[in-house]
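J.: For reference, the structure I am asking about is given below.
The values are calculated or read from the model by the stated rules, or taken from the named source; none is laboratory data. Bear in mind that the values here come from a model prediction, so they are computed numbers and not experimental data. Don't worry about glycine lacking a Cβ; one is built from the backbone with ideal geometry, like all the others, and counts go over all protein chains shown.
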């Protein structure tokens, strides 16, 4: 990264633009984060702090696994339907 790009990134962060812009958060997030507005990065950090504090990593991983499995099944089904349509048009 060039010096000019580094200076520009620091300036953007200092001005609160882009990913550094603070946004209002939901009441649920504000209740355990302790702040009404957060950047996206700091919101993610607060969520992970909460997850680790309450030992919820396993629950979160299981839920994500279910979501990805379901999503994969939907994509596989969509691909099978597309393949079937191609085969029907060929014959």
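J.: Among the listed residues 56, 80, 29, which satisfies the condition of being under 16 Å from the mean Cα position of the chain (by Cα) and surrounded by 10 or more Cβ atoms within 10 Å (Cβ to Cβ)?
T.: So the residue among 56, 80, 29 that is under 16 Å from the mean Cα position of the chain (by Cα) and surrounded by 10 or more Cβ atoms within 10 Å (Cβ to Cβ) is 29.
J.: When you scan the stretch 63-77, do you find a residue that is under 20 Å from residue 28 (Cα atoms), modelled with pLDDT under 75 and surrounded by 10 or more Cβ atoms within 10 Å (Cβ to Cβ), even just one?
T.: no
J.: Of everything in the stretch 14-36, what is touching a helix residue (DSSP H, G or I) at 6+ places or on another chain (Cβ under 7 Å) and part of a helix (DSSP H, G or I)? Give them in sequence order.
T.: Across the stretch 14-36, the qualifying residues are 18, 19, 20, 29, 32, 33.
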